[in-house]
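*Asks:* Can you keep this structure in mind? I'll have questions shortly.
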Amino acid sequence: MKLVVIFILSVINLFAIITISPVNIGDKPGFSGVLKGSFETKRGNSDVDNYSAGLRAQYDNNSSYVIWSDFVFAYGKASGETNTNKTYAHVRVIHTFLDIQTLNYETFVQSETNEFTNVKKKNLLGCGLRYHKDLQKYGNFYLGLGGFYEGIDYLTSLDSKESNLRINSYLSYTKSFDKESKLSYVMYFQPNAEDREDYVFSNALELQILIYKRLYLNFVVYYDVDSKPAVGVEDTDFTQKTSFLYKF
């Protein structure tokens, strides 16, 4: 089994990813986390460098709340030209709401940068409610509704700074195939509260498979639409990532 793991690590390009699987109060009491990272260098026919690292840290008090955070950095160059340069940080608190077992309230803060969407800095502050339905053998269903304030500072003078209030709605589903392997999906729709033509629509599908003890193979596909991106930036993005996770 160890030889299989070493072989897979040697042939798959790794990228830091953010696992999309929903977090529930009481699922993993106490402190826990996930490490994510990669390093890739190619010389000769190709001249490529890719670096990425990520950390998810979590505390679950096993009764009324869970706090989790994601921190990710990714940088890459090909033929001497930078093709990836972004950071992401997210902290979220999920708390029971009025002693209703299926309902939680959420508060979160987020900060990100992305050179290739011309985002110098994007900060978010938001809150909302989340409904959770356990469908037993058919998986778990989540529905969220709330809002957030965002402030965006762009890298170019072609785009002015933005301050927006957005509605935050999402639908999520997760299904475990056994104790350690699962499939997750999340869809976000985030329209501007003052401009119905300005919206963000995001989808992500994730398959997580245990391969050895605490080491997991992770496949994620993203499809995102930003109806009003920065000047010169495409309004759609498609990404497929294969990564390894180490849980502790």
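The values are calculated or read from the model by the stated rules, or taken from the named source; none is laboratory data. Please read all numbers here as calculations on a predicted model, not as lab measurements. Reconstructed Cβ throughout: ideal geometry from the backbone, glycine too, with neighbour counts over all protein chains shown.
*Asks:* Which of the residues spanning region 34-65 are modelled with pLDDT of 90 or more and over 15 Å from the mean Cα position of the chain (by Cα)?
*Replies:* Y59, D60, N61, N62, S63, S64, Y65
*Asks:* Any chance region 205-223 includes a residue that's more than 18 Å from the chain's Cα centre (by Cα), among the charged types (D, E, K, R), at pLDDT 90 or above and farther than 19 Å from V72 by Cα?
*Replies:* no
*Asks:* Condition test on V34, is it buried (at least 16 other Cβ atoms within 10 Å of the Cβ), within 23 Å of L215 (Cα to Cα) and among the β-branched types (V, I, T)?
*Replies:* Taking the combined requirement at face value, the residue satisfies it.
*Asks:* With the requirement that a residue be over 23 Å from Y185 (Cβ atoms), small (G, A, S) and at pLDDT 80 or above, what does region 10-31 give you?
*Replies:* Across region 10-31, the qualifying residue is only G30.
*Asks:* Does L143 satisfy being more than 22 Å from F71 (Cα to Cα), at pLDDT 95 or above and aliphatic (A, V, I, L, M)?
*Replies:* Answer is yes for this residue.
*Asks:* Can you say whether A53 is under 30 Å from F97 (Cβ atoms), in contact with a Gly (Cβ under 6 Å, 6 or more places away or on another chain), in a strand (DSSP E or B) and not polar (S, T, N, Q), as far as the supplied structure shows? Before you say what the answer is, go through the steps one by one.
*Replies:* Numbers: under 30 Å from F97 (Cβ atoms): no; in contact with a Gly (Cβ under 6 Å, 6 or more places away or on another chain): yes; in a strand (DSSP E or B): yes; not polar (S, T, N, Q): yes.
It is false that A53 is under 30 Å from F97 (Cβ atoms), in contact with a Gly (Cβ under 6 Å, 6 or more places away or on another chain), in a strand (DSSP E or B) and not polar (S, T, N, Q).
*Asks:* Tell me yes or no: at least one residue of region 211-221 is crowded, with 16+ Cβ neighbours inside 10 Å, within 26 Å of L145 (Cβ to Cβ) and touching a strand residue (DSSP E or B) at 6+ places or on another chain (Cβ under 8 Å).
*Replies:* Yes, that holds for at least one residue.
*Asks:* Quick one: in region 98-110, which of the residues that are in contact (Cβ under 8 Å) with a residue 24 or more places away in the chain and hydroxyl-bearing (S, T, Y) is farthest from N85 (Cα to Cα)?
*Replies:* T102
*Asks:* Can you name every residue in region 76-93 that is β-branched (V, I, T) and within 16 Å of the chain's Cα centre (by Cα)? Quick ask: steps written out before the conclusion?
*Replies:* Within region 76-93, the first condition is being β-branched (V, I, T), and the residues that meet it are 82, 84, 87, 91, 93.
Matches in region 76-93: T87, V91, V93.
*Asks:* Restricting to region 97-123, name every residue that is farther than 21 Å from E234 by Cα and not in a strand (DSSP E or B).
*Replies:* L98, D99
*Asks:* Let me ask something additional. Return the residues of region 123-154 that are of a type outside the set (S, T, Y) and touching a residue at least 60 places away in the same chain (Cβ under 8 Å); say none if nothing qualifies.
*Replies:* H132, N140 - these are the residues of region 123-154 that are of a type outside the set (S, T, Y) and touching a residue at least 60 places away in the same chain (Cβ under 8 Å).
*Asks:* Right, Y138: over 15 Å from the mean Cα position of the chain (by Cα) and over 20 Å from Q190 (Cβ atoms) or not?
*Replies:* For Y138, the condition - over 15 Å from the mean Cα position of the chain (by Cα) and over 20 Å from Q190 (Cβ atoms) - is met.
*Asks:* When you scan region 98-105, do you find a residue that is at pLDDT 95 or above and of a type in the set (D, E, K, R), even just one?
*Replies:* No, that holds for no residue.
*Asks:* Looking at K182, K228, K175 in this structure, which one is among the basic types (K, R) and within 24 Å of L129 (Cα to Cα)?
*Replies:* Step by step, each of K182, K228, K175 is checked, and only K175 is among the basic types (K, R) and within 24 Å of L129 (Cα to Cα).
*Asks:* Next up: Which residue pairs have Cβ atoms under 9 Å apart, sit 6 or more places apart or on different chains, and have a first residue in region 202-226 that is closer than 16 Å to K247 by Cβ and a second that is surrounded by fewer than 16 Cβ atoms within 10 Å (Cβ to Cβ) and among the small types (G, A, S)?
*Replies:* L207/S181; Q208/S181; I209/S181; L210/S181; Y216/S181
*Asks:* On to the next question. Can you pull out the residues in region 141-164 that are closer than 15 Å to F189 by Cβ and more than 19 Å from the chain's Cα centre (by Cα)?
*Replies:* Passing the criteria: only N164.
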